[in-house]
Structures are given as structure tokens and as C-alpha cells.
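See structure below.
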Amino acid sequence: MSKTHQIIKSKRENLGYSQEYMAHELGITQPTYALIESGKSKITLERAIQLSKILDTELNELAGVDNSEFSIKNNTFSDNSSVIQNYHAQNTALIEKLIQGFREEIGFLRQQLNKK
């Protein structure tokens, strides 16, 4: 069982939730949920978000790492920080391109208005 799976089980038990309750909240069967806790099922980012909401905890806490170590890879999370940094850098670059495009469009529209 990985650290994440142990944390999920521990948090569930501390809250007094049954596996059946967790499964119901996740929209899965209890045997499928048991696979999550046993570490026999990978946890997707979407599932991790659901779990964090049900267990009222942060994603990084579920992963057993601090924010700088949290990462996303193939829609699952792990303890590798370089992937999230690359993901963040790619999104930042895309946002900067979009902003630049908006600025250019605004500049073009201003020119068109000034011609009238």
C-alpha cells in the first residue's frame, strides 16, 4: 500500500466513514473502493479531487507531500514535482500567448476606431 492509499484509509477511519459510504459518495462499488485503499487501483486526478472533497482535505495532504512536490502525470498524481512544474510552465506560456493575442486584437480595433 502506498503512502497516498494509507492516508486515504486513515482519514476515512478518523472521520468514521465506512468503505460503503465512500464508495457511495464516489459513485462506485465498495469492492472497487477497497481496491483504491489497498493500493491496487491507481488514483486519477479527478478521483483524488473527489476524495479530497469527501475527506475534507487538500490534495497535497492526500499525496503525503507538500505543495512543491505535488505533480500530475498521465492524469494521476505522484511525488514528482517536475511534471507539475512543466504543466504549470506550459499553461503559463499559453496564457501569455492568449494575453498577447488579446493585446494585438485590442490594438487593431483601436486603429480601426481611430480611422473613423
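The values are calculated or read from the model by the stated rules, or taken from the named source; none is laboratory data. Just so we're clear, the structure is a prediction, and the values are computed from it rather than from any experiment. All Cβ positions, glycine included, derive from the backbone under ideal geometry; neighbour counts span all protein chains shown.
Within region 24-35, residues that are at pLDDT below 95 reach partners that are assigned to a loop (DSSP other than H, G, I, E, B) with beta carbons closer than 7 Å, at six or more positions or on different chains, in the pairs LEU35/SER41.
Would you point out the residue of region 57-74, among those that are among the acidic types (Asp, Glu) and part of a helix (DSSP H, G or I), that is modelled with the highest pLDDT? Step by step, filter region 57-74, then rank; the result is GLU61. Among the criteria (1) at pLDDT 80 or above; (2) closer than 20 Å to HIS5 by Cα, the one SER78 does not fulfil is (1).
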